[in-house]
Amino acid sequence: MSREELWTRSAVTVAALLGLALKLFVPDRMDMTAVTLLVLALIPWMSSILQRIDTVAGGVVLREIKKTQAGQQQEMDRMKFLFEHLVPGEELRHLQALADGTPLPYDAGGSRPLLDAELRRLTGVGLIARRPGRTFAQMGAAGDVREHFAVTDAGRAYLEILNGYRNPG
């Protein structure tokens, strides 16, 4: 509290107490004017008392808010973990390529059975879908995955959420 504030509070209090003293020396009785003067004498000092009470109550509220935020952060971390690990790396690469329109060539080499399994899994969880009239058997020995599969709305939403977790802000 600054000197000026202290002086102002003291002046108001002294003036009110002097008025109260004059009122009390008149032997009538304690009336509304006396009570008003007493309250007026206390008002300058009430702000610091009320501020302390508010800080204590606010401190409790702030602790609850921080506790809630910590719980929400923990939940967000769990969700981030699940989103980042739901689709393994190679499947995610396929999903992103299909979403971006990036060529996704394949051939009859040794990785073809893995590619089929990855595409079946992405199809199974609804992140990609076969193009109308297309089947796995029609893929042939070589080609581009984009000719046979497309990203679903769920796949785009998944990528959007995943990117939001990876690039917050």
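Here, each number is a calculation from the coordinates, and none is a lab measurement. Keep in mind that what you see is a predicted model, and the values were worked out from it rather than measured. Note that we place each Cβ from the backbone using ideal geometry, even for glycine, and neighbour counts take in every protein chain shown.
Highest mean packing comes first when the peptides 89-98, 12-21 are listed by Cβ atoms within 10 Å, giving 89-98, 12-21. Neighbours of Leu86 by Cβ distance under 13 Å: Lys/Arg scored +1, Asp/Glu scored -1, total +1.
Roughly speaking, what % of Cα-Cα pairs in the stretch 82-169 are separated by over 16 Å, rounded to a whole number? Don't skip to the end; give the middle numbers.
Working: 1967 of 3828 pairs.
Result for the distance tail: 51 percent.
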